[in-house]
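Asks: Below is the structure I would like to discuss, written out as structure tokens.
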Amino acid sequence: MSKRKNPCEGKGNADFCEFLIELAEYERNVNRNIHKYNAYRKAASVLAAHHKRIESGDEAKKLNGIGEKIARKIDEYLLTGKLKKLENIHHDASAQAINLLTRVSGIGPVKAAELYRCGIATIEDLNKNQDKLNHHQLIGLKYFEDFEKKIPRSEIKDIENKIKTTAKVLDPEYTVTICGSYRRGKSESGDIDALITHPALCGYKGNKKNEEKLLQNVVDALNNGLVTEVISVGETKFMGVCRLLQDLPARRLDIRLIPTDQYYCAMLYFTGSDVFNKTMRAHALEKGFTLNEYSLRPVGVTGVPGEPVPISSEEEIFDYMDYPYKAPQDRNM
Ligand code: 8DG
Ligand code: CA
Ligand code: CA
């Protein structure tokens, strides 16, 4: 996972979005309150999508996902141009340190707090305490500056072509899709989220012997040029680092091997955005389905999910749920 980014650049309510996203990050990284994190992100995304400039907390409160507390923050911001809560966070050394440490790939909020308790507050401190880091975190530290850089769309396009060509040379039956913000049409992305599938791999009738090597073979082939470091690799998920050309930054690359019968649910999930996914899941529940990265299943009156519905396109998932189809570029919420 790349650290989640601001979904609301350049819109009429961008300043509200920015402080809400900052509060969200604080809740996740420092307080480890995922509930508040989600609430702030949802509010930011609702404001980002709103067609006109919000002029009061009460006006904001009419929007779905904005409650009393956030409305009062909007009032405070409109009145004073700042937020006391954020000012305090900015002056809180531990909050600042923990926020910084979580920007290192592989360091989550719990590890960041643990490191801070050991007196580690800066990247320099991390460099002096590498014995406290695991393999993923060491790679995150080594490429800290590179991983902070956004990846231009054109570079991902080239990486996409390289992965597709490499897979097809191994076996023309591979299918490769780059998901994440790239598939949503963003001009730059934080990392690269690749999905691959192969007809030999189906959730129901998978040939175990075959599937063990389906991902490994692709990764091995990419090791001659594109992939430069392996963070971890299992039967279904590769996490690593790639570099398209010597003078370009190193990039985070994840590749997931998905059974064919789960491919479209996975594609939908890994295309995101995460806020869009939450909306979609909530809508599925209203329509009597449960949706996740693997499948769409009807929920019976007893509340027990049934067998997965067969799916052969993303559109079908929307159809089943009676939800108007949204193209990937319209899922940037
Ligand atoms: P970015 O990398 O350009 O910052 O944006 P992104 O591509 O939208 O974010 P991502 O963190 O790489 O996640 C890719 C998609 O995976 C995301 O758009 C939706 C889905 N997803 C969630 N929740 C989570 C999660 O907690 N972790 C990960 N890895 N993916 C998630 O909906
Ligand atoms: Ca990712
Ligand atoms: Ca991504």
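The values are calculated or read from the model by the stated rules, or taken from the named source; none is laboratory data. It should be emphasised that the depicted structure is a prediction, and the values quoted were computed from it without experimental measurement. No Cβ is skipped: glycine too gets one built from the backbone with ideal geometry, and neighbour counts run over all protein chains shown. For the accessible areas, the whole protein counts, side chains as well, though only heavy atoms, and no ligand, DNA or RNA atoms are used. Shrake-Rupley method; radii C 1.70, N 1.55, O 1.52, S 1.80 Å.
Asks: Given the -39500 (n - 2.57) contribution per DSSP H run of 4+ residues, what per-residue ellipticity at 222 nm results for the chain, rounded to the nearest 500 deg cm²/dmol?
Replies: That comes out to -14000 deg cm²/dmol.
Asks: Looking at the chain as a GNM with Cα springs under 10 Å, which of 65, 140, 81 has the largest mean-square fluctuation?
Replies: Taking springs between Cα atoms under 10 Å, the residue moving most is 81.
Asks: Next question. Please give me, ordered by residue number, the trypsin sites (Lys or Arg not before Pro) of the stretch 222-303 that lie in loop per DSSP and have at most 15 other Cβ atoms within 10 Å.
Replies: Passing sites in the stretch 222-303 are 287.
Asks: Find how much the distance from residue 154 to residue 72 grows on full extension, using 0.36 nm per residue of separation minus their present alpha carbon separation; answer in nm with one decimal.
Replies: 25.3 nm
Asks: What is the sum of charges around residue 285, taking Lys and Arg as +1, Asp and Glu as -1, for the other residues whose C-beta is under 12 Å from the C-beta of residue 285?
Replies: That sum, taken over residues with Cβ under 12 Å, equals +3.
Asks: Over all directions, average the projected area of the Cα convex hull of the stretch 156-263 and note it in nm².
Replies: 6.6 nm²
Asks: Might you report the magnitude of the Cβ-based charge dipole of the stretch 1-91 about its Cα centre, with Lys and Arg at +1 and Asp and Glu at -1, to the nearest 20 debye?
Replies: 360 debye
Asks: Also, I was wondering about something else. What spacing in nm lies between the two simple spin-label points modelled at residue 136 and residue 187, each 7 Å away from Cα in the Cβ direction?
Replies: My value for the distance between the label points is 3.2 nm.
Asks: Could you tell me the center-to-center distance, by alpha carbons, between the stretch 137-173 and the stretch 28-51 in angstrom?
Replies: Taking the Cα centre of the stretch 28-51 as reference, the centre of the stretch 137-173 is 29 Å away.
Asks: Roughly how large, in nm² to one decimal, is the mean projection of the convex hull of the alpha-carbon atoms in the chain?
Replies: Spelled out: convex hull of the Cα atoms, projected over all directions, averaged, 19.3 nm².
Asks: At R0 = 56 Å, how high is the FRET efficiency between residue 94 and residue 220 if r is their beta carbon distance? Nearest 0.05 is fine.
Replies: 0.80
Asks: Among 77, 137, 154, whose Cα sits farthest toward the positive end of the charge dipole of the chain (+1 at Cβ of Lys/Arg, -1 at Cβ of Asp/Glu, about the Cα centre)?
Replies: Ranked along the dipole, the leading option is 77.
Asks: Non-local amide H neighbours of residue 228 (under 5 Å, H modeled in plane, Pro and chain starts lacking H): which ones?
Replies: Here the answer is 241, 242, 243, since their amide H atoms fall under 5 Å of that of residue 228.
Asks: Also, quick follow-up: Each label point is 7 Å from the Cα along the Cα-to-Cβ direction; what then is the distance between the points at residue 56 and residue 82, in nm?
Replies: Placing both labels 7 Å beyond Cα along the Cβ direction yields 2.6 nm.
Asks: Can you list the residues, at least 5 places off or on another chain, whose amide H is less than 5 Å from the amide H of residue 237, using H built in the peptide plane?
Replies: It is 257, by chain and number.
Asks: Comparing 254, 75, 274, which has the greatest mean-square fluctuation in the GNM of the chain with Cα pairs linked when under 10 Å apart?
Replies: 75
Asks: If Lys and Arg each add +1 and Asp and Glu each add -1, what is the summed charge of the other residues whose beta carbon sits under 13 Å from the beta carbon of residue 230?
Replies: In short, -1.
Asks: Per-residue HN-Hα couplings for the stretch 313-326, Karplus 6.51 cos²θ - 1.76 cosθ + 1.60 at θ = phi - 60°, whole Hz, x for Gly and Pro?
Replies: Whole-Hz 3J(HN,Hα) from phi for the stretch 313-326: 6, 5, 4, 4, 5, 4, 4, 3, 8, 6, 10, x, 4, 10.
Asks: Quote the charge dipole size of the chain about the Cα centre in Debye, to the nearest 20; the model charges only the Cβ of Lys and Arg (+1) and of Asp and Glu (-1).
Replies: 420 debye
Asks: Once phi is turned into ³J(HN,Hα) by the Karplus curve 6.51 cos²θ - 1.76 cosθ + 1.60 with θ = phi - 60°, what whole-Hz value does each residue of the stretch 223-229 show in order, with x for glycine and proline?
Replies: With coefficients 6.51, -1.76 and 1.60, one gets 5, 8, x, 8, 7, 10, 9 Hz.
Asks: Then there's this: Write down the accessible area per residue of the stretch 156-263 in Å², having rolled a 1.4 Å probe over the full set of protein chains.
Replies: Per residue, the stretch 156-263 has an accessible area of 44 Å².
Asks: Between residue 145 and residue 312, what is the label-to-label distance in nm when each label sits 7 Å out along the Cα-to-Cβ direction?
Replies: Taking the two extended label points, one gets 5.2 nm.
Asks: Tell me, what is the FRET efficiency for residue 302 and residue 36 to the nearest 0.05, using R0 = 45 angstrom and their Cβ-Cβ distance as r?
Replies: Calculated value: 0.85.
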